[in-house]
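To keep things clear, I will list the structure first and then write my remarks on it.
What follows draws every value from the coordinates through simple rules; no lab data is involved. Since the model is a prediction, treat every value here as computed from it, not as a measurement. Positions of Cβ are generated from backbone atoms using ideal geometry, with glycine treated the same way; all protein chains shown enter the neighbour counts.
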Amino acid sequence: MNQRLPVADGAAVRLRAARLLAEHKGAVAAVTLIQLLAALASVGIPRVLGSMVDLVSGAPGADAAGRLQGLIAVVIALAIGNAALTGCGEYLARVLGERVFAELRERLVGSVMHLPLSVVESAGTGDLLGRTSRDLESIRNVVRRGISQILVIMLTLLTIVVAAVVTSPRLSPALIVPVLAVAPVFRWYLRHAVPAYRAMNAMWAEVDGVIVETADQAATVDAHALGARRNRILDRAMIEVWSTEQYTLWLRIVLITALGLGSFAPVIAVVAWGAWLAGHGAVTLGAITTVALYAVQLRTPVSEVTFWIDSLQSAGAAMSRIVGVELVRPDREPASGAVTGRPPRVCGVSYAYRPGHDVLHEVDLELIPGEWLAVVGPSGSGKSTLGRMLAGIHPPTRGRVIVGDEDEGGIDLTALTEDALHREVALVTQEHHVFACTLADNLRLARTDATDAELERALEVVGAADWARELSDGLGTLVGAGGVQLTPGQAQQVALARIVLMDPATLVLDEATSLLDPGVARSAERSLDAVLAGRTVVAIAHRLDTAAAADRVAVVIGGRIVELGPHAELLAAGGEYTRLWQAWTSD
């Protein structure tokens, strides 16, 4: 069963949000100040209108008309000022939100890129895909628009309440008490909504995983008639999502109902309480008008807070899963940036994906500098796992994989920094990816400073120069999603060309040419052999013609190296390699 990635608690999420905003404290302060001024201008209008009511209802004076005209001018000025400040604040808040969201997205991608591969594999496709797509999308609107809207709501509520108290301390409780009465519903909603949204996001990740895995392995699903079974798995996952969606919808209905009452009640309470106070001469008609207008103004932020509270809970649940990616503990502690340029040595290595179930057993292997070593064996024998040990992908369960002088104890591959590790050894597998950008940019992922001539040479090395030249814009042609769709073989050649550009001291090929046509594969391997002369190459091969051309062959059976030597010697020995070779040549 897949082990999902960790989920951060509320404290960790609040800390991360606070740090993101603290990095933009200047912009946050500017937005807050502008929105506060806009809110003050907004609440100033009812205050002036109340003064106008008192002026009109009072005894007429000689200067009453002039004062009324002045108050009208003030209302117009406040309205214009409110509109200008609101627009300016919204613009600055949108810019702030875009920057914060971009940084959050970049940090998530950075965290994902540095996740231990064992963690990614155990978590499964759906969990990581859900966090980098659906979860990120869930917080997108909150970050981009929510910052400004939530600030406006908070500042508007605060200024309305303060203005109501200043206008009439006796009348203001009629405005405040009905709003405070909704607080218990808020607390109840928050207590139930947060875990519900977290569960729903996790279930959607499960759905995404089922869909992606079924689509990616469609050929296997068809070959083994697994379509009905995969549909049943998807149906169960969708039923769980639907049930959770219904529960969160019911929570929202309760919240909306309570807030609806909370937005209407203050208006009625202010008018009723104000009428009683006015009958006893405790407040003026202007004060009642002003506070009643404040109650009307209160309806907008109270109504909007319904949407944003719900959005915040969904975003908070998504944020806890995004921040959780950063909580994954590394499987190594880099301690050295030294590059020796020598091939790695395997010393008594055992490895288990699950405790107590070793797939490698006490393996010893010393590579000869500059040799081409082929690693062969039946499926499931541990070839790819051994390749990952040699590439420093996984730390061994027991034993060591080291580089450097044996007399000095050597340096564990997993103790090297990422840059040093990639300069020592690189792994290219049968899995590959073409990014949605130009062919040149795809290649420069391996070396950003590579010239066009070096890119063309790398393509020529792997036998891809001819089809690359035939592209409409050559190296500048857009490939991948939205561009030219490369065939699996061409995509694998691009991956091999990246390795040529990296030019590591040791190269581990894990059936890297298995998706190429045999003729193209042999051509690419011969080209790599010529370019990497003097380098150490470990080829984990399915095609034994690769082994025949290698300097030595290591035969892996049941997680152990049972034979090691040149092709001819192993054939003459009549052992496991001979049987593999006879099975290969008889097909």
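Laid out as a table, the results:
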| read-out | value |
| --- | --- |
| Fully extended contour minus Cα-Cα distance, from His224 to Glu245, at 0.36 nm per residue | 4.2 nm |
| Ranking of Val555, Val162, Val48, Val291 by count of other Cβ atoms within 10 Å, fewest first | Val162, Val48, Val555, Val291 |
| The chain - mean residue ellipticity at 222 nm from DSSP helices (-39,500 (n - 2.57) per run, n ≥ 4, rounded to 500) | -21500 deg cm²/dmol |
| Amide hydrogen neighbours beyond the local backbone of Ala539, cut-off 5 Å, H modeled | Leu373, Ala374, Val375, Leu509 |
| Net lengthening on full extension, Val162/Asn141 (0.36 nm per residue, minus Cα-Cα) | 4.6 nm |
| Pairwise Cα inverse-distance average, inverted: Kirkwood Rh of segment 10-326 (Å) | 23.0 |
| Per-pair calculated FRET efficiency, R0 = 56 Å: Ala183 and Gln485 via Cβ, rounded to 0.05 | 0.50 |
| Cα radius of gyration and Dmax for segment 345-586 (Å) | 18.5, 56 |
| Over 19 Å [Cα-Cα, segment 89-210], rounded percent | 67 |
| At R0 = 51 Å, FRET efficiency that the Cβ-Cβ distance of Ala73 and Asp503 yields, to 0.05 | 0.10 |
| Cα-based radius of gyration of segment 167-211 once divided by 2.2 N^0.38 Å, which approximates compact folds | 2.11 |
| Among 69-80, 222-233, the order from most to least packed when residues are scored by Cβ within 10 Å on average | 69-80, 222-233 |
| Thr451/Arg107 FRET efficiency (R0 41 Å; Cβ-Cβ; nearest 0.05) | 0.80 |
| Angle between the chain longest axis and helix 183-216 axis [Cα atoms, degrees, rounded to 10] | 30 |
| Globularity ratio of segment 82-143, using Cα Rg and 2.2 N^0.38 Å | 1.56 |
| Cut-off under 5 Å, modelled amide H: who pairs with Ala450 long-range | none |
| 5 angstrom amide H check on Val283, placed H, neighbours 5+ away | Ala278 |
| Karplus (6.51, -1.76, 1.60) ³J(HN,Hα), θ = phi - 60°, over segment 277-294, in Hz, Gly and Pro reported as x | 5, 5, x, 9, x, 8, 9, 8, 4, x, 5, 4, 4, 4, 5, 5, 5, 4 |
| The chain: angle of helix 10-22 to the longest principal axis, Cα-based, in degrees nearest 10 | 80 |
| Segment 345-586: relative contact order as a whole-number percent, Cα under 8 Å and 6+ apart | 27 |
| Segment 88-125 residues near the modelled Glu23 label - backbone nitrogen below 15 Å, point 7 Å along Cα→Cβ | 96-112 |
| The chain: relative contact order as a whole-number percent, Cα under 8 Å and 6+ apart | 15 |
| Residue-by-residue Karplus 3J(HN,Hα) for segment 29-38, coefficients 6.51, -1.76, 1.60, Hz, glycine and proline x | 5, 5, 5, 4, 5, 5, 5, 5, 5, 5 |
| Whole-Hz ³J(HN,Hα) from phi, Karplus 6.51 cos²θ - 1.76 cosθ + 1.60, for segment 69-80, glycine and proline x | 5, x, 5, 4, 4, 5, 4, 4, 5, 5, 5, 5 |
